[in-house]
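Working notes for the structure below.
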């Protein structure tokens, strides 16, 4: 096995990434980690220069559009798990085409983009039929309309007519919401039509009031305000003062570059301009979907990404520096360097992620860091009304509640609310037939989180799932029109490292498993002829549950111990006579095999070899400390507990629940494994920690939990096959009025409470345990292993559990199935902008003469003007002379003129 070569390659790649991403934690540019938004970049590319209105103000943005079209012809990074474009690519591609057509640039790219739309729009719309997100229903029709305005000939297949009607109807419903509210505000259908027409100014004032009202756009922002989509709203003469009144202090409109660009074109506001200029200067290679962004949030997302990809072991120092910085900002928010977050969704996303990561790394953080939303009924109502928009937020809230400590009722409440919201998302998808929606991987992740509790999931396999779904692992959090994504450059780098790291570990695991099998065979454990042969199970559970260093001896020591315990436990339960069991127990007490033979001697000899190996390794690490005597004592305690249980079984005596637990907590033997191995993880661990019964609270909790977990799934086998009793059966016996399900429920209540206690001891320093963190992590990994085996069934005793056999293959043998992401077209000679000034001026002057009066439905309008006709049924149509799409007359920009005809073209 060429471990050294693989390790060297990994180390080289790790150092390369550290230099690129973490050279100076205080000078990291978080924006470099976020993938550019083609949609927002295109909108900045549309902004005309105030001094040369036939040229773009932000030429770098137009150059980015020219140079970042994919080979398939679309723009953006939105792909499904198979690398195919998703519905998000439609408005992004349209926006880029509009920007190119606006400046008469990039004819080949325009033709290629139009071909992509013609070939894919029907399929993408049909895949999402009847489940279009709210943002898509607002943005996509507007981009279709604007593409017509600039003269793009988009041919939609006739078979897509139904889907297009559905989207435009959904947009109409959004608009009519405001109309209906207005009727109750200041308009009555009994008014004469002419009178209503005269009151249109009042209507527009109301409409503006509504979309800009303080209730919807102040700092609370429970829900994306309609003004966030300013660039996609019907483009009447928007009241300049209303837009300016809702600009943030940083000059942006809700931190949306596209909305800010449109606000600037509508108002010419200098604060808007300064924001856009700052954005382009900061993000020269394409602009992000949000600006300014909360920089701590970006850093937290990177830490989260490193952990989920299984790379945390390579970036320990960098992760700790980021978390220390974030924790300091939370402790001193008045001195925080981060920008204030004025979106509830983004704030809750950040706070729940920070809580989870900080608590997992031992920081003392209050649950109210993220549970604050429980005190606001309006926020909860918005979450309930639009679970899909809050999907990533609620997933983060749910994950944060995985690390719940005792008596944290608010965390339990948050967990229930988050789970209900996530279940609603899944049910909505199934009702709509959207199991393969725009983000099928994301829906699978939600189902994964809800189906398998965090404590039942093994880290190694979680890393594999995250690596293999390279579309999902780039997602950061939900934004205005789609997910914010990790930049392709860094995502590909991290994915490359994660893949190599996973396969490197697989090579080590394959080698160690073969070594374990040889040891088991050499010492006769695999040829006993009775009981359970679980050598592979034991190694799989050990390797997959805890991320131990690649060169660690601990994996094999635990796996050998677990294999030996399984064989010895079966010998005491099934095979050995009482005389044989007493002799073996006494031999372990004396540490002398005199009088032993057969299976008893095989077990004793294997135990002697294991204890000697551990003691020798400890001496080598510690430099002289011999723990042989202490190891003998802890193993004797375990064998003695097995003998007590065997005597009870053979005599038919039934212990009380307290008597049972006193013995059963020892006989489950988890303390034997974790304490023996802890001395190799931390050789300086005080010897008394290994001596019974002076165990730490966390160790006692582990002993109790693993015994009860085993009992919830093994009571039938032990009662019917082994003739034994356990805690589930004893509780039913001592409480005649309950049935077996009640008894299991009682045990699970205990498990729920004690798991939270163990988590607190494992994660927090100063919680009554002075064990080193590595040893406490080993306790937690052991609990997760038992949860995996016994949470829903007795998977350990099964020899035909297809899922666990497949998990073993995936963890140790099967290569990763990672599809390499498709990169945008790369040109050695980047395209630069060229302008046909004569053509631009001629096209504008020739179009100015051709306005046409016509009738269009309200939801198809891009521009509203002052001549309207209302029908008494409140179904609205307008007879309107379409004016030019003007860019505020206040700033002297030239007008972009509407063509004489506007209609959807189907072929």
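The values are calculated or read from the model by the stated rules, or taken from the named source; none is laboratory data. Just so it is clear, the structure is predicted and the values come from calculations on it, not from any experiment. Quick reminder, even Gly has a Cβ in these numbers, built from the backbone with ideal geometry, and neighbours come from all protein chains shown.
Listed values, structure above:
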quantity	calculated
Flag if residue 136 is under 28 Å from residue 111 (Cα atoms), at pLDDT below 85, crowded, with 19+ Cβ neighbours inside 10 Å and in the same structural domain as residue 93 (by TED's automatic domain parsing)	no
Residue check for residue 292: in contact with a strand residue (DSSP E or B) (Cβ under 6 Å, 6 or more places away or on another chain) and either not assigned by TED's automatic domain parsing to the domain that holds residue 765 or not in a helix (DSSP H, G or I) (or both)	no
Failed item, numbered, when residue 746 is tested on (1) in a helix (DSSP H, G or I); (2) loosely packed, with under 13 Cβ neighbours inside 10 Å	(2)
Exclusive hit being buried (at least 16 other Cβ atoms within 10 Å of the Cβ), at pLDDT 90 or above and under 21 Å from the mean Cα position of the chain (by Cα), set 352, 343	352
Subset of the range 41-67 (residues that are surrounded by fewer than 22 Cβ atoms within 10 Å (Cβ to Cβ) and either modelled with pLDDT under 95 or more than 37 Å from the chain's Cα centre (by Cα) (or both))	48, 49, 50, 51, 52, 53, 54, 55
Residue count, the range 757-816 (criterion: at negative phi and in a loop (DSSP other than H, G, I, E, B))	21
The range 531-546: number of residues that are part of a loop (DSSP other than H, G, I, E, B) and within 15 Å of residue 798 (Cα to Cα)	4
Checking residue 49 against (1) touching a residue at least 40 places away in the same chain (Cβ under 8 Å); (2) over 21 Å from residue 290 (Cα atoms); (3) in contact with a strand residue (DSSP E or B) (Cβ under 8 Å, 6 or more places away or on another chain), the condition it does not meet	(1)
Filter result for residue 65 (assigned to a helix (DSSP H, G or I) and in contact with a strand residue (DSSP E or B) (Cβ under 8 Å, 6 or more places away or on another chain))	yes
Residue check, residue 105 surrounded by 21 or more Cβ atoms within 10 Å (Cβ to Cβ) and free of Cβ contacts under 8 Å to residues at least 40 places away in the same chain	no
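Residue by residue, here is whether (1) part of a helix (DSSP H, G or I); (2) buried (at least 19 other Cβ atoms within 10 Å of the Cβ); (3) modelled with pLDDT under 95; (4) within 34 Å of the chain's Cα centre (by Cα) holds:
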residue	(1), (2), (3), (4)
473	no, yes, yes, yes
481	no, yes, yes, yes
492	yes, no, yes, yes
502	yes, yes, no, yes
548	no, yes, yes, yes
559	yes, yes, no, yes
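Every residue, every condition in (1) within 30 Å of residue 16 (Cβ to Cβ); (2) touching a helix residue (DSSP H, G or I) at 6+ places or on another chain (Cβ under 9 Å); (3) surrounded by 21 or more Cβ atoms within 10 Å (Cβ to Cβ), yes or no:
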| position | (1), (2), (3) |
| --- | --- |
| 292 | yes, yes, no |
| 306 | yes, yes, yes |
| 309 | yes, yes, yes |
| 332 | no, no, no |
| 356 | yes, yes, yes |
| 373 | no, yes, yes |
| 386 | no, yes, no |
| 390 | no, yes, yes |
| 401 | no, yes, yes |
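Okay, residues lined up against (1) at pLDDT below 95; (2) assigned by TED's automatic domain parsing to the domain that holds residue 329; (3) within 30 Å of residue 7 (Cβ to Cβ):
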site	(1), (2), (3)
257	no, no, no
266	yes, no, no
274	no, no, no
279	no, no, no
286	yes, no, no
301	yes, yes, yes
308	yes, yes, yes
312	no, yes, yes
